[in-house]
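Coordinate-derived values only; no laboratory data. Predicted model only: the values in this text are computed from it and were never measured. Backbone-built Cβ (ideal geometry, glycine too); neighbour counts: all protein chains shown.
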Amino acid sequence: MRDNENLAYFLEHLWSKGFKLSDEEVHFVYFGHKYTNTSVKHVKLALSFTLQLQMTFDRSFYISLLELFNRHNIEDKKEAILLLEQNGLMG
């Protein structure tokens, strides 16, 4: 499956769970992916944690998480949680 298809399915999954991003926000998700040159795995983690921690789609927080996950070569959700805790973003 291509990265864009994988990301599109993830966005559809979020929509089905009640996280209804606007078209503009969806475009920004893709922009952040390209801007930070990160993997879809990082995009999915950053988007999930942005919605979980901010209770809304906060663009600057999302970009910060993308950069943080990319910089630390985060491989999975467990590593992401540990990094967020170390940075005082999760308790």
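Below are the figures for this structure:
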read-out: Long-range neighbours under 9 Å by Cβ, at least six apart or interchain, first residue assigned to a loop (DSSP other than H, G, I, E, B) within segment 41-59, second surrounded by 19 or more Cβ atoms within 10 Å (Cβ to Cβ); value: THR56/THR50; PHE57/VAL29; PHE57/LEU47; PHE57/THR50; ASP58/THR50
read-out: Breaking point among (1) touching a Phe, Trp or Tyr at 6+ places or on another chain (Cβ under 7 Å); (2) of a type in the set (S, T, N, Q); (3) on the phi > 0 side of the Ramachandran plot, for ASN37; value: (1)
